[in-house]
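Undergrad: Quick one: structure below, then a few questions.
The values are calculated or read from the model by the stated rules, or taken from the named source; none is laboratory data. Since the structure is predicted, the reported quantities are computational estimates derived from the model, not experimental observations. Here Cβ is always computed from backbone atoms with ideal geometry, including for glycine, and neighbour counts include all displayed protein chains. For the accessible areas, the whole protein counts, side chains as well, though only heavy atoms, and no ligand, DNA or RNA atoms are used. Shrake-Rupley method; radii C 1.70, N 1.55, O 1.52, S 1.80 Å.
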Amino acid sequence: MDKLQPNFSIITVTFNAESFLERTILSVLEQTYPRVEYIVVDGASKDGTLAIIERYVKRISRWISEPDKGLYDAMNKGMKMATGDYLCFLNAGDMFYEPETLQKMVDSIQSQSELPDVLYGHTVLVDESGHFKRMRRLEPPEELNWKSFRQGMLVCHQAFFAKRIIAVDYDLSFRYSADQDWCIRTMKKADNLFNTHLTLIRYLEEGMSTRNRKESLKERFQIMVKHYGWFSTIVHHFWFVIRAIIKR
């Protein structure tokens, strides 16, 4: 059997993120696996973001800087620019767990007869300095499917690698939690979701959904109702409260 050697499209969306962008870029450029396409989508930053991009421009496959309608509009732009087998959204401040992350992911799927539709794994949370804070509280299930997110977003968006050919556009009616809706709709199109059992991502905890937590939670409730119905959503939210109390 021929060795599976997928191409990865890594997409970084950024806006006025000069404090965090360089470590994200370096995290991508330091990957030991060679089949990587790196795309940067900037929302017309006014700080030093463009100077950082230009510093590494020879190693960035494609990039643009122009006004957009927000984070998820920029992600849709990045997807349209991508040509790889898998998409990964690694935004400013986020990093791969280690330089060998992509190589280890590829090694993990060699038992498969073909490329899985989705690859997923664990996430570490880091602070603004990139230092370890804790493992993400919600852990990936052994077997993932679109119904799994009834229990919450068990896989971090950054640690969810979808095949480009099944990936859907982000729904711009959601400002803060369209990533959850995107994962669910993408999983509905997936036949084979593969647990790498690897820690894949260092995630900057102070993301947009964290800063706008109340609005994000409202959207997540709407998304769950959309996909799972009112009864299931209300029952699971009672469980979320109990789970939070237990883990406190």
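Undergrad: Using Cα springs under 10 Å in a Gaussian network model of the chain, which residue among 212, 91, 16 shows the largest mean-square fluctuation?
TA: Residue with maximal mean-square fluctuation among 212, 91, 16: 212.
Undergrad: Accessible area per residue, 1.4 Å probe, Å², for the chain: what's the number?
TA: Solvent-accessible surface per residue comes out at 49 Å².
Undergrad: I've got another one for you. Expressed as a whole percentage, what fraction of the accessible surface of the chain belongs to carbon and sulfur atoms when a 1.4 Å probe is rolled over the protein heavy atoms?
TA: 51
Undergrad: From largest accessible area down, sort 214, 69, 188; use a 1.4 Å probe on the protein chains.
TA: Correct descending sequence by accessible area is 69, 214, 188.
Undergrad: As a quick test, which of the pairs 189/226; 80/163; 147/226; 163/189; 188/226; 3/189 have an alpha carbon distance above 19 angstrom in this structure?
TA: Long pairs (Cα-Cα over 19 Å): 3/189.
Undergrad: Would you give the gap between the C-alpha center of segment 44-77 and the C-alpha center of segment 103-169, rounded to a whole Å?
TA: 25
Undergrad: Longest exposed-loop-site-free stretch of the chain, with GluC sites (Glu not before Pro), DSSP loop and at most 14 other Cβ within 10 Å?
TA: No qualifying site falls inside 31-113, the longest such stretch.
Undergrad: Extending each Cα 7 Å along its Cβ direction at residue 80 and residue 114, get the distance between those two points in nm, one decimal.
TA: Going by the 7 Å Cα→Cβ label model, 2.9 nm.
Undergrad: Extension gain residue 137-residue 51, at 0.36 nm per residue separation less the Cα-Cα distance, in nm?
TA: 27.4 nm
Undergrad: If each residue of separation counts as 0.36 nm, what is the full-extension length gain between residue 62 and residue 18 once their alpha-carbon separation is subtracted?
TA: 14.0 nm
Undergrad: Something else about it: Residue separation times 0.36 nm, minus the C-alpha to C-alpha distance between residue 172 and residue 226: what's the value?
TA: Stretched out fully, the residue 172 to residue 226 stretch lengthens by 17.9 nm.
Undergrad: Percent antiparallel among DSSP beta bridges with both residues in the chain, to the nearest 5?
TA: Working: 10 of 33 bridges.
Taking every DSSP beta bridge with both residues in the chain, the antiparallel ones total about 30 percent.
Undergrad: Give, as ranges by residue number, the residues of segment 36-60 whose backbone N falls under 12 Å from the point 7 Å along Cα→Cβ of residue 5.
TA: Counting backbone N atoms under 12 Å from the label point, the list is 36.
Undergrad: Could you state how much accessible area residue 136 has, in square angstrom rounded to the nearest 10, with a 1.4 Å probe and all protein chains kept in place?
TA: Ignoring ligands and nucleic acids, residue 136 comes out at about 50 Å².
Undergrad: Rank these residues by their accessible area, most exposed first, probe 1.4 Å: 122, 131.
TA: The residues order as 131, 122, largest area first.
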